[in-house]
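The values are calculated or read from the model by the stated rules, or taken from the named source; none is laboratory data. The shown structure was predicted, so the numbers you read here are calculated from the model rather than taken from an experiment. We place every Cβ from the backbone using ideal geometry, glycine too, and count neighbours over all the protein chains shown. Heads up: the accessible areas ignore ligands, DNA and RNA and are worked out on the full protein's heavy atoms, side chains in. Shrake-Rupley method; radii C 1.70, N 1.55, O 1.52, S 1.80 Å.
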There are 2 protein chains.
Amino acid sequence: MHRTKVKIVEEALDANNTIARANRDDFERAGVKVVNFMSAPGAGKTALLERVVNDLPGVRVGVLEGDVQGSMDADRLASLHVPVTQLNTDPSFGGECHLDANMVRSALPGLPLDEIDLLVIENVGNLVCPAEFRVGEDARIMVSAITEGEEKPLKYPLMFRACELVLVNKIDLLPHLDFDLDRFLHNLEAVHPGVEHMLVSARTGEGVEGWRDWLARLGSGMQVAV
Amino acid sequence: MHRTKVKIVEEALDANNTIARANRDDFERAGVKVVNFMSAPGAGKTALLERVVNDLPGVRVGVLEGDVQGSMDADRLASLHVPVTQLNTDPSFGGECHLDANMVRSALPGLPLDEIDLLVIENVGNLVCPAEFRVGEDARIMVSAITEGEEKPLKYPLMFRACELVLVNKIDLLPHLDFDLDRFLHNLEAVHPGVEHMLVSARTGEGVEGWRDWLARLGSGMQVAV
């Protein structure tokens, strides 16, 4: 008996993943490493970027700034002479609470990929939906401010799982909060065993050299892409 | 000439608003006032509820607790002997980042409406989408923690507009932050002129009597519904 071989499409991609792959291909062709940078509102993403963008030897950084409205964070970074592109989800993308691959693709023509080595995509402040959409990044980094409480990894597990590095920010406020750092780290380990984390304070600069070095390694191609 | 009068449907409702109205009708029939309680993750909604739920004379409170996963906040409130119902958006509602009218409607049969005067619906922690969906509430209250920064009203204007009361929480941390309270209040006034606000600390109890009284007035029917 003769068997006809049927070719099976092994991996059915949804539209977002298809576009994310196209983005990734374009970034790779341009030799640009890409970070998807996520957190709840006010956790300190922009402040942490301000601390390091001009301190990455040999790595030229660009930022794609995602917000529902406005360009306040983009203005802060542009004042540091970093090339910044603003991507607003309102009105062009229905006021969405996250960036997706198609939005990033729409921004691609405006990005100076020839002039940068590392693109940081600062996502909309939100602990839920941004974790669900790949945008073509090499690495996902999330910021969790200790002011948000110890239980956040348990309440938003997808976000804490969907990242290669967790920056535990506002560590300078530790003496003034009822925050149990050991319990937070225990919860983090429970939802994402072995994930790398750093204790930092964008305000005082504590711990930012580790964050800077991590970005520098990624931007210079020394960090293994994930 | 004879003109046929064509009846025009003046207000086209989307599905969410239709269901929100049905919820509202059911709440009114049961004599229950309803609050939609919103904030970013970790702003202190549950802690602010813990402060007041057992301190509302003559007002019996119930809570509908919205989370993506888990029941940590519900457990905290249940330990105070408040009737709590947990509504998880994952897996039943696709892991949504907000509550909508249909989710609340799905929870209605499990709510002890005959035994309460005031239902607080604690929404998913998120400053974007919860503001877009009415659920049948009488009032919307949002919490903004000063740790999130002064610019939040400008970055998430819909949320700050879509509420009748803003609780400015974690005010005990004011001496330890670079937070400009006047600038925050100026930004709040810019996006929602005249909105009522209260400075509170769930941690120290500062200002919570005003928040308690506001809820007590609403629960006893003295607060004008909006």
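Number of residues in region A:20-45 that are surrounded by 22 or more Cβ atoms within 10 Å (Cβ to Cβ) and of a type in the set (Val, Ile, Thr) equals 2. Checking the stated criteria, B:Val128 turns out not to satisfy the condition of being hydrophobic (A, V, I, L, M, F, W, C), closer than 17 Å to B:Ser39 by Cα and touching a strand residue (DSSP E or B) at 6+ places or on another chain (Cβ under 9 Å). Residue pairs, Cβ under 7 Å, 6 or more apart or interchain, first in region A:79-103 and within 28 Å of B:Ser39 (Cβ to Cβ), second open to solvent by 40 Å² or more (accessible area, probe 1.4 Å) and aromatic (Phe, Trp, Tyr). List them. Hits for this filter: A:His98/A:Phe133; A:Leu99/A:Phe133; A:Asp100/A:Phe133; A:Met103/A:Phe93. Looking only at residues that are buried (at least 20 other Cβ atoms within 10 Å of the Cβ) and of a type in the set (Gly, Ala, Ser) in region A:108-142, which one is nearest to the other protein chains (Cβ to nearest Cβ)? Residue satisfying both the conditions and the ranking: A:Gly125.
Selection over region A:104-124 of residues that are touching a Lys or Arg at 6+ places or on another chain (Cβ under 7 Å) and either at pLDDT below 95 or over 18 Å from A:Phe37 (Cα atoms) (or both) gives a count of 1.
If I ask for residues that are facing another protein chain (nearest Cβ under 7 Å) and touching a helix residue (DSSP H, G or I) at 6+ places or on another chain (Cβ under 6 Å), which ones from region B:152-169 would you list? The answer is B:Leu154, B:Pro157.
As a summary of the residue check, B:Leu158 satisfies the conditions (1) open to solvent by less than 10 Å² (accessible area, probe 1.4 Å); (2) within 25 Å of A:Gly44 (Cα to Cα); (3) not small (Gly, Ala, Ser) except for the one numbered (1).
Residue check: is A:Asp100 within 14 Å of chain B (Cβ to nearest Cβ), open to solvent by 10 Å² or more (accessible area, probe 1.4 Å) and under 18 Å from the mean Cα position of the chain (by Cα)? Step through it out loud before you land on a result.
Numbers: within 14 Å of chain B (Cβ to nearest Cβ): yes; open to solvent by 10 Å² or more (accessible area, probe 1.4 Å): yes; under 18 Å from the mean Cα position of the chain (by Cα): yes.
Considered against the rule, which asks whether it is within 14 Å of chain B (Cβ to nearest Cβ), open to solvent by 10 Å² or more (accessible area, probe 1.4 Å) and under 18 Å from the mean Cα position of the chain (by Cα), A:Asp100 comes out as yes.
Looking across region B:161-216, the residues that are touching a strand residue (DSSP E or B) at 6+ places or on another chain (Cβ under 8 Å), in a loop (DSSP other than H, G, I, E, B) and surrounded by fewer than 17 Cβ atoms within 10 Å (Cβ to Cβ) come down to B:Val195, B:Glu206. Inspect region A:206-219 for any residue being touching a Lys or Arg at 6+ places or on another chain (Cβ under 8 Å) and of a type in the set (Gly, Ala, Ser) and give the result as yes or no. Yes, because at least one residue in region A:206-219 is touching a Lys or Arg at 6+ places or on another chain (Cβ under 8 Å) and of a type in the set (Gly, Ala, Ser).
Does A:Leu48 fit the bill of being among the aliphatic types (A, V, I, L, M), open to solvent by 30 Å² or more (accessible area, probe 1.4 Å) and away from every other protein chain (no Cβ under 12 Å)? Judged against the criteria, A:Leu48 is not a match. Applying the set (1) more than 12 Å from every other protein chain (Cβ to nearest Cβ); (2) small (Gly, Ala, Ser); (3) open to solvent by 10 Å² or more (accessible area, probe 1.4 Å) to A:Gly149 leaves exactly one unmet item: (1). Only one entry of B:Leu158, B:Leu215 meets the criterion of being within 28 Å of B:Ala101 (Cβ to Cβ), under 17 Å from the mean Cα position of the chain (by Cα) and touching a residue at least 40 places away in the same chain (Cβ under 8 Å), and that entry is B:Leu215. Summed over region A:55-91, residues that are assigned to a helix (DSSP H, G or I), among the charged types (D, E, K, R) and open to solvent by 50 Å² or more (accessible area, probe 1.4 Å) total 2.
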